[in-house]
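Enquirer: This is the structure I have questions about; it appears just below.
The values are calculated or read from the model by the stated rules, or taken from the named source; none is laboratory data. In this text the structure is predicted, and so the values were computed from the model without any measurement. Quick reminder, even Gly has a Cβ in these numbers, built from the backbone with ideal geometry, and neighbours come from all protein chains shown.
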Amino acid sequence: MSTFKIEYGDWTEYRSLSKLLEIDFHPSEDEESFLPYHERMDKVWNDSLDALKAAQSKGYNYVLFRHGWSTSRRGTTTSRSQVRKLMRDPIATQYIVRKDCIQHDSVFVAKIRSPSKTKQDD
């Protein structure tokens, strides 16, 4: 069973959430084409963690990660798998409320934990 809410439909409706930070992992062709693929995937993970930290420190309620529809197959990695991997990682616990996060086919919505709250407050 997933620790996240699973939802379908028009992901753009999440843009109406209050205090939303939106992160797009669809770089232009020139933007990151010089990086080897594994480095781009590491960058997705690191950029996602940085976004969680920034959102919490700046008072955002949610982060909308636009990672696309690509799914990982054995031996491959995608932006989608990197974002989901981070959200399950213990390092994210201090920044998100997992039970209020939304996993969608093409986006992930992270509910940001109030800096004053602890894990026991879930």
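Enquirer: Starting from residues that are in contact (Cβ under 8 Å) with a residue 12 or more places away in the chain and either in contact with a Ser or Thr (Cβ under 8 Å, 6 or more places away or on another chain) or not basic (K, R) (or both), keep the ones in region 82-92 and report whichever is farthest from Q103 (Cα to Cα).
Expert: Checking each candidate, the answer is I91.
Enquirer: Restricting to region 94-122, name every residue that is farther than 22 Å from Y14 by Cβ and at pLDDT 90 or above.
Expert: Within region 94-122, just Q94 meets the criteria.
Here is a yes/no grid of residues against (1) part of a helix (DSSP H, G or I); (2) more than 13 Å from S106 (Cβ to Cβ); (3) modelled with pLDDT of 95 or more; (4) in contact with a Cys (Cβ under 9 Å, 6 or more places away or on another chain):
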{"residue": "G9", "(1), (2), (3), (4)": "no, no, no, no"}
{"residue": "L21", "(1), (2), (3), (4)": "no, yes, yes, no"}
{"residue": "S33", "(1), (2), (3), (4)": "no, yes, no, no"}
{"residue": "K43", "(1), (2), (3), (4)": "yes, yes, no, no"}
{"residue": "K53", "(1), (2), (3), (4)": "yes, yes, yes, no"}
{"residue": "V63", "(1), (2), (3), (4)": "no, yes, yes, no"}
{"residue": "S70", "(1), (2), (3), (4)": "no, no, no, no"}
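Enquirer: May I pose another question? If you check M87 against the conditions, is it modelled with pLDDT of 95 or more and either surrounded by 11 or more Cβ atoms within 10 Å (Cβ to Cβ) or assigned to a strand (DSSP E or B) (or both)?
Expert: Here the answer is yes, as M87 does meet what is asked.
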